[in-house]
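Here's the structure we're looking at; comments come further down.
Since every read-out is calculated from the coordinates, none of them should be taken as a lab result. Fair warning: this is a prediction, and the values are worked out from it, not measured in the lab. Positions of Cβ are generated from backbone atoms using ideal geometry, with glycine treated the same way; all protein chains shown enter the neighbour counts.
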Amino acid sequence: MTIQVDENEQEPWTVLRISGELDLVTSPLIRRRVHAAVAGGRHDVVLDLSAVRFCDSSGVGVLVAARRLMRSCGGRLRLILPARGAEDGAHVNRVLAALGVRRLFEVYEDVPAALDERTAPLSA
């Protein structure tokens, strides 16, 4: 498998750091991890996508589904995406923007910013 997920609890947030490729083969793993967090009563999730090298439409589908799930349970979903000009990890940002769904997400530059309630999300 070309993906790795590291989970870290930083109350009240569950941070899932994803690295590798988010595609048809690996997307179900991410879906299961988000569902497991919600099933465990953790409704505030940060997906750190800064180390994701590739994302296809199924990866985008998982992100949109995760957003829908978090909203349905009164939770929050935040994404960590590097700026479009960044060398590593900016691919997901470009894909989301190209598909017109980037604006659906609360995006932050790094995990500390996402966890800090005083920090506003980055604009699309």
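General remarks:
- Looking only at region 1-58, and only at residues there that are part of a strand (DSSP E or B) and of a type in the set (Lys, Arg), the one that is nearest to residue 75 (Cα to Cα): 17
- Some residue of region 93-111 being aliphatic (A, V, I, L, M), in contact (Cβ under 8 Å) with a residue 60 or more places away in the chain and either in a loop (DSSP other than H, G, I, E, B) or under 22 Å from residue 11 (Cβ atoms) (or both): yes
- Every pair of residues 6+ apart whose Cβ atoms lie under 9 Å, when the first sits in region 1-29 and is touching a residue at least 12 places away in the same chain (Cβ under 8 Å) and surrounded by 15 or more Cβ atoms within 10 Å (Cβ to Cβ) while the second is hydrophobic (A, V, I, L, M, F, W, C) and assigned to a loop (DSSP other than H, G, I, E, B): 3/25; 20/1; 26/1; 29/1
- Residues of region 112-124 classified as in a helix (DSSP H, G or I), loosely packed, with under 13 Cβ neighbours inside 10 Å and of a type in the set (A, V, I, L, M, F, W, C), total: 0
- Within region 49-68, restricting attention to residues that are among the charged types (D, E, K, R) and more than 11 Å from residue 92 (Cβ to Cβ), the residue that is surrounded by the most Cβ atoms within 10 Å (Cβ to Cβ) is 67.
- Any hit, region 72-88, residues being under 12 Å from the mean Cα position of the chain (by Cα) and assigned to a loop (DSSP other than H, G, I, E, B): yes
- Residues in region 35-45 that are over 21 Å from residue 82 (Cβ atoms) and surrounded by 17 or more Cβ atoms within 10 Å (Cβ to Cβ): 37, 38, 42, 43, 44.
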